[in-house]
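One structure is given below, encoded as C-alpha cells.
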Amino acid sequence: MAYVTLHLSRRSFSRRTDNPNALDGPPNSLQHRPSQGAGDHRDKGRPMMLKRATALVAGATLPLATAIALAPAATAQSSPTVTETVDVTYTCVADNASNIGGAGTWTNQVDVTYPTFVSPGEFFDVTIQPGTMNPVQARTGRVNYDIQMPDNADYITPAITSPATGFNSGTAALITVNPTTKVNATGTDVLRIWGGTSARYGTTSGTSTNSGLAKTSNTAFRLPQVTFGMRAPNTPSEAITFGLAGAGLAPSSAEGAQFQYTRGTTNTGTQVECGVSANAAELTRTVVTNAPWVPFEWNTNLNVQAQPGTLDEDSLAVNVVTSFQRPANNFPEGTMVQIFRDGVEIGEVEMPATGTSVSFADDLPRAEDSKVYRYTAVVNNTDALGDTWVGATATSSPIIVTGTNPGAGGGGTGSLDPGSVINPVDGAIGGSLTASLSDSAGYDVAPLSSPTVTGLLSSAS
C-alpha cells in the first residue's frame with residue numbers, strides 16, 4: 001500500500017541492530033494525549049534504549065480477537081513486525097551475592113515482538129517475555145514481575161501465550177496492580193506476572209520460599225511470555241509503548257520494585273526487591289500512522305422470546321423481549337433494535353445505556369382460524385468512523401393466536417412447545433401445522449402449565 005512506503009521513508013533515527021534489513025525508528029513528531037502528565041516516569045522523551053534486532057517480518061498482525069469482541073470481523077493492515085532482545089539492568093536490595101545475578105547490578109535480556117506502525121483502528125499484538133534467570137540459593141519463591149502497559153490503546157487484553165518454565169510449584173497468572181502500592185487493583189495499567197502471592201510489596205505478601213511461583217533448586221527459570229492484543233486509537237503520529245513498571249526508580253519503594261522474589265535454603269527466606277534501568281520504560285514502540293481508519297464489525301447475538309399476554313375478542317397482547325450481549329465497544333447512542341414479525345418490521349426499540357434486554361409491545365389480531373406468528377430481531381448501526389454493530393436472531397420465536405371460531409379450526413394460544421402444543425393444535429385444525437412447525441424445537445418458551453396458556457388451549461377443544 002502507498003502509505004506503507006511513505007511512512008517507512010520517514011523513519012529517521014537509528015538503533016543498534018544485527019539485521020541490515022531492520023527498520024530505523026518511527027518519526028519523532030509524536031503527539032501525546034493531554035491525560036499524560038509531565039511527571040509521568042514513562043515520559044516518551046527518555047533516550048531510546050539499545051535493542052538487538054533479531055528478525056523483521058512483514059505481515060498482518062493478528063489480535064487476541066476472541067477476547068476483545070464477541071465476533072470480530074475486521075481486517076488488520078500489513079505492517080512491519082520486529083522481534084528484538086532488550087538488555088535491561090537491575091539493582092536489588094538487599095544487595096547480596098546470594099541474589100539472582102549475584103552482588104551488584106546484573107542484566108536480563110527481555111524478548112519483545114511488536115509492529116513498528118499501525119493504522120488508526122487496527123488491531124495488533126505485542127509480546128513480552130523476560131529472559132532466563134539463575135538463582136544462587138536452593139530455594140526461590142513468591143516471584144513477581146511488573147509490566148507497564150500503555151494508557152493510549154483501546155481494549156488491551158493480555159494473555160499468557162508461552163508458559164513459565166523451571167518452577168516446581170505455582171502457576172503463572174496475570175493480575176493488574178496499583179502502580180504505587182502494588183496491591184491488586186482492577187482497571188490499572190500495571191500488569192503483574194505472579195503465582196498468587198507477593199514478596200515484600202503486593203497482595204498476600206510474605207517471606208516464605210514455598211509460595212506462589214517457587215522452585216527448590218538453583219537451576220534456571222523463565223517467566224512466561226505475555227501477549228497483549230489491542231486496538232490503535234484514532235490519534236495519528238502517537239506512539240504506543242510497553243515497558244517495565246517503575247523503570248529508572250530505586251527499588252526502595254513499591255513503585256520502584258519491578259521484580260521481586262524470596263530466596264533462601266529453607267522455607268523461610270529473605271525478601272529481595274529489584275529496580276530496573278530507565279531504558280526499560282520503553283521496550284516496544286508502535287506509531288499510529290495517518291492512514292485511514294480501519295473499520296471493525298462488532299457482533300452480538302440476539303435472542304427473542306415472544307411472551308403471550310391477555311387474549312380478548314379481537315386480539316392477543318404480546319410482549320416481545322429481545323436479549324443480547326454487549327461487545328467490548330459498547331453500542332453507540334441511538335442504536336436501535338428492529339423487531340420483525342413474519343419477516344416484516346413492526347417497530348424498533350432504542351438500545352439502553354445499561355442492561356441486556358429490551359421489550360416491545362405488540363398486538364396480534366384474531367382471525368377465524370388459529371394462526372402462527374414468528375418474531376425476530378436485528379441490530380445494525382454504524383458510527384461516524386465507520387465501525388459497525390450488527391446482530392440478528394439465529395432462530396425465530398413463534399406464538400399461536402387462537403381462532404375466533406374454534407369449530408371451524410380454531411386452535412390454542414401461547415408460545416410454541418412442539419412436544420406439548422402440536423398434538424392439541426393438530427387435533428383442532430387437522431394436523432396442518434405439524435410439518436410447518438417441526439423446526440420450532442429448542443425455543444425458550446412459556447410453560448404450557450401457566451394458567452393463561454392452559455386456559456387458551458382449552459378453548460380450542
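The values are calculated or read from the model by the stated rules, or taken from the named source; none is laboratory data. Just so it is clear, the structure is predicted and the values come from calculations on it, not from any experiment. Note: ideal-geometry Cβ built from the backbone for every residue, glycine included; neighbour counts use all protein chains shown. Calculation scope for accessible area: heavy atoms of the full protein, side chains included, ligands and nucleic acids excluded. Shrake-Rupley method; radii C 1.70, N 1.55, O 1.52, S 1.80 Å.
Structural remarks
- The set of residues in the range 196-209 being of a type outside the set (Phe, Trp, Tyr) and buried (at least 16 other Cβ atoms within 10 Å of the Cβ) consists of THR197, SER198, ALA199, ARG200, GLY202, THR203, SER205, GLY206, THR207, SER208, THR209.
- Residues located in the range 333-355, provided they are of a type outside the set (A, V, I, L, M), within 22 Å of the chain's Cα centre (by Cα) and open to solvent by 80 Å² or more (accessible area, probe 1.4 Å): GLU333, THR354
- ASN178 surrounded by 15 or more Cβ atoms within 10 Å (Cβ to Cβ), more than 30 Å from SER119 (Cα to Cα) and without any contact (Cβ under 8 Å) to a residue 40 or more places away in the chain: yes
- Of the residues making up the range 85-113, just one is over 15 Å from ILE147 (Cα atoms), acidic (Asp, Glu) and modelled with pLDDT of 95 or more, namely ASP87.
- The range 219-245, subset in a loop (DSSP other than H, G, I, E, B) and surrounded by fewer than 20 Cβ atoms within 10 Å (Cβ to Cβ), residue nearest to the chain's Cα centre (by Cα): PRO233
So that you can scan it fast, the table gives a plain yes or no per residue for (1) hydroxyl-bearing (Ser, Thr, Tyr); (2) in a loop (DSSP other than H, G, I, E, B); (3) open to solvent by less than 10 Å² (accessible area, probe 1.4 Å):
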site: GLN109; (1), (2), (3): no, no, no
site: THR127; (1), (2), (3): yes, no, no
site: ARG142; (1), (2), (3): no, no, no
site: ASP146; (1), (2), (3): no, no, yes
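- Failed condition for TYR375, given (1) touching a residue at least 60 places away in the same chain (Cβ under 8 Å); (2) in a strand (DSSP E or B); (3) surrounded by fewer than 19 Cβ atoms within 10 Å (Cβ to Cβ): (3)
- Any chance GLY212 is part of a loop (DSSP other than H, G, I, E, B), at pLDDT 95 or above and either among the aromatic types (Phe, Trp, Tyr) or surrounded by fewer than 16 Cβ atoms within 10 Å (Cβ to Cβ) (or both): no
- Selection count, the range 378-394, where residues are outside any loop (DSSP other than H, G, I, E, B) and either open to solvent by less than 60 Å² (accessible area, probe 1.4 Å) or within 17 Å of PHE340 (Cβ to Cβ) (or both): 10
- For LEU316, the requirement of being surrounded by 13 or more Cβ atoms within 10 Å (Cβ to Cβ), in contact (Cβ under 8 Å) with a residue 60 or more places away in the chain and within 26 Å of MET230 (Cβ to Cβ) is not met.
- Meets criteria (aliphatic (A, V, I, L, M) and in contact with a Ser or Thr (Cβ under 6 Å, 6 or more places away or on another chain)) for ALA280: no
- Residue list for the range 278-304, filter: within 30 Å of PHE340 (Cβ to Cβ) and open to solvent by less than 40 Å² (accessible area, probe 1.4 Å): PHE296, TRP298, ASN299, THR300, LEU302, VAL304
- Flag if PRO327 is in contact (Cβ under 8 Å) with a residue 60 or more places away in the chain and either more than 21 Å from THR388 (Cβ to Cβ) or open to solvent by 60 Å² or more (accessible area, probe 1.4 Å) (or both): no
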